Number of protein chains: 6
Amino acid sequence: MRGLMMGRFQPFHLGHLDLVKQILDQCDEVIIAITSSQFNYLEKDPFTAGERIEMIHDSLKESEINLSRCFIVAIENQFNIATWSSFLKSALPHFDKVYSGNDYVKMLLADSSIDVITPKFLERSQYNASHIRQMIISDDNWQILVPEAVAKFLQKINGKKRLEIISKSDTKPTEH
Amino acid sequence: MRGLMMGRFQPFHLGHLDLVKQILDQCDEVIIAITSSQFNYLEKDPFTAGERIEMIHDSLKESEINLSRCFIVAIENQFNIATWSSFLKSALPHFDKVYSGNDYVKMLLADSSIDVITPKFLERSQYNASHIRQMIISDDNWQILVPEAVAKFLQKINGKKRLEIISKSDTKPTEH
Amino acid sequence: MRGLMMGRFQPFHLGHLDLVKQILDQCDEVIIAITSSQFNYLEKDPFTAGERIEMIHDSLKESEINLSRCFIVAIENQFNIATWSSFLKSALPHFDKVYSGNDYVKMLLADSSIDVITPKFLERSQYNASHIRQMIISDDNWQILVPEAVAKFLQKINGKKRLEIISKSDTKPTEH
Amino acid sequence: MRGLMMGRFQPFHLGHLDLVKQILDQCDEVIIAITSSQFNYLEKDPFTAGERIEMIHDSLKESEINLSRCFIVAIENQFNIATWSSFLKSALPHFDKVYSGNDYVKMLLADSSIDVITPKFLERSQYNASHIRQMIISDDNWQILVPEAVAKFLQKINGKKRLEIISKSDTKPTEH
Amino acid sequence: MRGLMMGRFQPFHLGHLDLVKQILDQCDEVIIAITSSQFNYLEKDPFTAGERIEMIHDSLKESEINLSRCFIVAIENQFNIATWSSFLKSALPHFDKVYSGNDYVKMLLADSSIDVITPKFLERSQYNASHIRQMIISDDNWQILVPEAVAKFLQKINGKKRLEIISKSDTKPTEH
Amino acid sequence: MRGLMMGRFQPFHLGHLDLVKQILDQCDEVIIAITSSQFNYLEKDPFTAGERIEMIHDSLKESEINLSRCFIVAIENQFNIATWSSFLKSALPHFDKVYSGNDYVKMLLADSSIDVITPKFLERSQYNASHIRQMIISDDNWQILVPEAVAKFLQKINGKKRLEIISKSDTKPTEH
């Protein structure tokens, strides 16, 4: 039995990690799909696919989660949304269940034979990546909301500076 | 003589049907071009190209319009807009006239040899797809604004639920 | 009950027309999907999507086929082939059966719930679009292999000259 | 020594021309890279790549700048921004320095070995392309802010009408 | 220290597994990058990205390789090859060395600061994915050339039938 | 009066330079359009757009051609070929004539109002870029076939080594 969870993970936080653990309690294996992998250095997608893979991998390892039970896969957003569940199947190892509280996701998976399970989420007003990015910029106490490995990684790549520059810039290279 | 009309048809309504009839009064044949065909399950583009083709086809048939005088063609939006009139010519059967009240469309066709004719539209505050989508969500009396075939079709695919979910969702898979 | 047939239709010939009739004998409606619609002015894809739509429409009309039972839809080739059956469903009106003798197509539809039916084809060595294109270039008696409407249309757009130029050219704008 | 400056140049104005001259004072050659070259007939990108090349070329010639010291190159915006500096190197002749006051640009070039120099800009509240487009629409005295060659060119293609139509239109062909 | 190896892995065989082990002898961690991830159901790329991830993951696990030292990442082929090394850096976790015997790869990485190391390969006439695909079709003794997990997986998805159909088909959906 | 010539210029040779001079004898200005600009490091397209721009610019300068009469513009190949002449108009400054001996090009421009003129070419068996690339690899006396500036440039970037590696490699990153 394999369970799927999805997110942009900008950055991966303790709410995400908690969900990984929930799934591993209920399934043999978890697939962590990183969406919008083609985007980076943007307000909502500051970190590259490679950086997000690294943050998640390091967090799982630090938590002593058995990596042989985990798949971390980056996938690009699709524009023909009606084919999205089919795209998921082509891009990911086989999965039996999707863990998501998102009605939009449920709708898109409704025609496939995939079960969608609504997990319990940690307090979402806090464990919220967009909120965490704001806290990083304002030097608020964001480190308690993410795995230590993520805090270290963001320090190493100077994530704060990147977020600051992006938030102040009016250069929006993907807009027109 | 062949006349062209274009729209997203999300959904096809009585204003659109009236325009089909106007064109068939003046021309031998009509081309109904469905634009932004690559998009679906989005706020402004909830229905797939296939669904839109089906709704239009069924509406014409129901109105006893001779389908051998009609072409229904779905076309993707282009990003290099300066080539748009040329793209239209490649994607569509030959056409002699375009029926449009849109100055932007007129500008883009200005360098081609195509005549643009401003048709009479039914009352646009009512016959307006975005307005109709709102009415569907709020169970307002939208059925009188669309062909019966469209009302039936939206019922069959549970269009109301789709519109509701999309409008409430903050998942915007094509945004970044 | 709606049946689907697919092809590049470069050009539409009597073998194709025969299949349309077979399907209309067995189903209420037929969808004629024109594949590789994004290509044109190439050796295997000389005619535009618009030209192909027009040739098919005219042929059906000439044969006194009831157009209200027919959908003619141009679709682009996909590069993520594993999602192809899902793409078909988004681009086309609902269909119940696919008429195809192609094992590759059958494989791609195997996971969907769609029936694939192997139709009877007219003699394929003759009714073969690539063969017909050769005959057009060499002024062989190709007109007997296509609907009269197609012969007229190709005459009107000077299809012979286009095929000749393409076949002699070593300009291959889509190759690299 | 070759210096690079970048912009959308919608349109090219005297602030841009001044920067060209600054760079030619400090370097042997200048590369003028026109960004978002794939867009046109849009609010922020009304003029085509070809029109922008022509305006810049004519302006340099009019100013008696030695064109053998200048490269004018149109480049498309990239969506994988992390590869942007690498893309610049593939699309442009070799360059040694980038002239830019933009922190976002500096960040994206930080990992490459390219020097970024902050030039002196003419008064930016005036010499601002978006402001100039507004002035053109309202027949304000915009001609004093652009090279004479640009004023003539915009007159010739009736740029005012294009800007007006785009600004009034709610057709946004690249939005969804 | 992290080492990178790349391949299409159609399928993953014992030569690939041997290289994983070599890298893990010399580095702390290995990144296994699956190239041409956007392709599937094609002669040279029959298996999807998801299937390839699953085969590799299962093989490593079966060999009792510590998965916390491994990254398995699928990446799309790029068309602007000059930006390829930059793309690799954005799509993958940081890496220090590339293991490759391919001069073309070495050339593309020459301008980056990345070391390229030529590994020892198992006998390449045997351990060769294209050869193995031929053996699968002809029921030759291919199982001894791949990890047991791969043999099981291909059995489960009936890989033989897929390879057969693709090899016999003249439908080439990505060609034109 | 502005004349257009097009080519891949892999590399720019004396036959190309001769054509530039012919056009400047007959027109006020010449546009040199570099096609397939998105490709590089491939057998038929080894040099990047930027490198090709630089080779052409340097050759014109060396020949004491007045650069204020020349536009050098790199353009991507298009896949919807029917829109190609329209794309040319959007990507290039206005042009009045095209200089080309290619019937395929003439066909694509036939519907536009652009004159196509067949120039005189230097002996094409010699002045042929693909032939020159072979000569570079085999150290044949290729330098006499290209402008001195091109010979110097290819020396500087070690073009010979690049061509050798590409020709020997069976890595074809854009094939599938």
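Just a few scattered comments:
- Residue match in region A:156-175 (condition: more than 14 Å from chain D (Cβ to nearest Cβ) and either under 17 Å from the mean Cα position of the chain (by Cα) or touching a residue at least 60 places away in the same chain (Cβ under 8 Å) (or both)): no
- Long-range neighbours under 9 Å by Cβ, at least six apart or interchain, first residue away from every other protein chain (no Cβ under 14 Å) within region F:102-124, second of a type in the set (Lys, Arg): F:Asp115/F:Lys97; F:Ile117/F:Lys97; F:Thr118/F:Lys106
- Candidate set from region A:22-38 (those that are in contact with a helix residue (DSSP H, G or I) (Cβ under 7 Å, 6 or more places away or on another chain) and part of a strand (DSSP E or B)); member that is surrounded by the fewest Cβ atoms within 10 Å (Cβ to Cβ): A:Glu29
- Residue in region F:14-28 that is charged (D, E, K, R), under 30 Å from C:Ile75 (Cβ atoms) and free of Cβ contacts under 8 Å to residues at least 24 places away in the same chain present: no
- With respect to (1) at the interface with another protein chain (Cβ under 8 Å from one of its Cβ atoms); (2) outside any strand (DSSP E or B), the lone exception for C:Leu19 is condition (1).
- Within region F:105-122, the set of residues being acidic (Asp, Glu) and over 22 Å from C:Leu163 (Cβ atoms) comprises just one member, F:Asp115.
- Residue identified as touching a residue at least 40 places away in the same chain (Cβ under 8 Å) and not aliphatic (A, V, I, L, M) among D:His94, D:His57: D:His94
- The residue that is farthest from C:Leu19 (Cα to Cα), among those in region C:66-84 that are assigned to a strand (DSSP E or B) and among the β-branched types (Val, Ile, Thr), is C:Val73.
- Residue-level check: of (1) out of contact with any Asp or Glu (no Cβ under 8 Å at 6 or more places or on another chain); (2) over 26 Å from D:Gln155 (Cβ atoms); (3) acidic (Asp, Glu), D:Glu64 misses just (2).
- Single residue of F:Ile32, F:Ile23 found to be closer than 24 Å to D:Glu29 by Cα and within 17 Å of the chain's Cα centre (by Cα): F:Ile32
- Restricting region B:39-75 to residues that are among the basic types (Lys, Arg) and either more than 9 Å from chain C (Cβ to nearest Cβ) or closer than 18 Å to B:Leu4 by Cα (or both) leaves a set whose member that is surrounded by the most Cβ atoms within 10 Å (Cβ to Cβ) is B:Arg52.
- Selection count where residues are exposed (fewer than 15 other Cβ atoms within 10 Å of the Cβ) and either within 18 Å of the chain's Cα centre (by Cα) or among the β-branched types (Val, Ile, Thr) (or both), scope region A:125-144: 5
- Just one of the numbered conditions (1) out of contact with any Ser or Thr (no Cβ under 7 Å at 6 or more places or on another chain); (2) more than 30 Å from A:Gln78 (Cβ to Cβ); (3) more than 9 Å from every other protein chain (Cβ to nearest Cβ) is not true of C:Lys97: (2).
- Residue within region E:75-92 that is within 22 Å of A:Ser90 (Cα to Cα) and among the charged types (D, E, K, R) present: yes
- Among residues that are more than 14 Å from chain B (Cβ to nearest Cβ) and either of a type in the set (Phe, Trp, Tyr) or part of a loop (DSSP other than H, G, I, E, B) (or both), F:Asp140 is included.
- Condition check for D:Gln10: polar (S, T, N, Q), modelled with pLDDT of 95 or more and farther than 30 Å from D:Asp170 by Cα: no
- Any hit, region A:97-105, residues being among the aromatic types (Phe, Trp, Tyr) and out of contact with any Leu (no Cβ under 9 Å at 6 or more places or on another chain): yes
Here is a yes/no grid of residues against (1) under 30 Å from F:Ser36 (Cβ atoms); (2) out of contact with any helix residue (DSSP H, G or I) (no Cβ under 8 Å at 6 or more places or on another chain); (3) among the polar types (S, T, N, Q); (4) in a helix (DSSP H, G or I):
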position	(1), (2), (3), (4)
D:His94	yes, no, no, no
D:Val98	yes, no, no, no
D:Met107	no, no, no, yes
D:Lys120	no, no, no, no
D:Ile132	no, no, no, yes
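- Among the residues examined, B:Val116 does not qualify as among the β-branched types (Val, Ile, Thr) and within 15 Å of the chain's Cα centre (by Cα).
- Residue count for region D:123-166, restricted to those that are farther than 21 Å from F:His94 by Cβ and in contact with a Pro (Cβ under 9 Å, 6 or more places away or on another chain): 3.
- F:Phe95 being touching a Lys or Arg at 6+ places or on another chain (Cβ under 6 Å) and either surrounded by fewer than 24 Cβ atoms within 10 Å (Cβ to Cβ) or of a type outside the set (Lys, Arg) (or both): yes
- Looking only at region D:145-176, and only at residues there that are loosely packed, with under 12 Cβ neighbours inside 10 Å and part of a helix (DSSP H, G or I), the one that is modelled with the lowest pLDDT: D:Lys168
- Qualifying positions in region D:77-92 - within 10 Å of chain E (Cβ to nearest Cβ) and out of contact with any helix residue (DSSP H, G or I) (no Cβ under 8 Å at 6 or more places or on another chain): D:Leu88
The values are calculated or read from the model by the stated rules, or taken from the named source; none is laboratory data. In this text, all values refer to a predicted model and were calculated from it rather than measured experimentally. Here Cβ is always computed from backbone atoms with ideal geometry, including for glycine, and neighbour counts include all displayed protein chains.
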